Amino acid sequence: MIDKERLALKCSTWNIRLTAGQLDLLDRYAELLVDYNKKVNLTAITTPEGIEDRHFADSLLLAAQPECAGRVVDVGTGAGFPGVVAKIYKPDLALTLMEPTGKRVDFLRYLCAELGLTGVEFAKERAEEAARKGWRESGDLAVARAVAALPVLCEYCLPLVKPGGRFIAMKGPDAAAECAAAAGALRKLGGRLVECRNFTLPDGSARSLVICEKTAPTPAAYPRNGGTIAKKPL
């Protein structure tokens, strides 16, 4: 399905080294994704190189960061990006795949079973509702890719992270402007911006990893309900 040598070469430019076993798992992932996508809308990207660049290399860039460790919750994971790829790269991760759409959760269960991945929790939950349950301030890291604007994402993700943990938002070329817009939200939710790491993906598109630290417990008033978060970002 994918060109394993091509993917390995692209990732090596970031000093990301993939084993033959990891490449085999990613190849199988791509096959399962494209096949399942025929009956459930998982992704608009179905060409081998598109999957390599926009899904796998992108997710591996996140996975290779030193903050990607311990208990990781992937918010709005969709078809498993970046969380499942991170689990393939770092098998010791305790991963929670959080996705409100039942058909996508069904795919994630099937995918992880087919790939033989263990230590994965499947949460059919909206992040703002999960933070009112057992997931509140339980993670070492929350990640989100292409879910919402950063002020909104902060309210979804920071309540899921324990003080001292991290939140990483995967953003595009407007990351700096989003960071400025999210300053107030971070302050109210018990977080702070650490840095914005900028990269170029193999297809030439910009990727910024916005690294935030959870410095204090999130006040009990947050997160608000989903409609309020969307209409009135902090």
Condition check for R104: in a helix (DSSP H, G or I), without any contact (Cβ under 8 Å) to a residue 24 or more places away in the chain and out of contact with any Lys or Arg (no Cβ under 7 Å at 6 or more places or on another chain): no
Output for segment 30-50, where each listed residue is closer than 24 Å to A8 by Cα and not charged (D, E, K, R): A30, L32, L33, V34, T43, A44, I45, T46, T47, P48, G50
Top-ranked residue of segment 1-47 - restricted to ones that are touching a Ser or Thr at 6+ places or on another chain (Cβ under 8 Å) and outside any loop (DSSP other than H, G, I, E, B), ranked as surrounded by the most Cβ atoms within 10 Å (Cβ to Cβ): L33
Some residue of segment 48-59 being part of a helix (DSSP H, G or I) and in contact with a Ser or Thr (Cβ under 6 Å, 6 or more places away or on another chain): no
Some residue of segment 83-95 being out of contact with any strand residue (DSSP E or B) (no Cβ under 8 Å at 6 or more places or on another chain), open to solvent by less than 30 Å² (accessible area, probe 1.4 Å) and not in a strand (DSSP E or B): yes
Positions within segment 172-214 being among the β-branched types (V, I, T) and touching a helix residue (DSSP H, G or I) at 6+ places or on another chain (Cβ under 9 Å), in sequence order: V210
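The values are calculated or read from the model by the stated rules, or taken from the named source; none is laboratory data. Since the model is a prediction, treat every value here as computed from it, not as a measurement. Quick reminder, even Gly has a Cβ in these numbers, built from the backbone with ideal geometry, and neighbours come from all protein chains shown. Note: accessible area is taken over every heavy atom of the protein model, side chains too, but ligands, DNA and RNA are not part of it. Shrake-Rupley method; radii C 1.70, N 1.55, O 1.52, S 1.80 Å.
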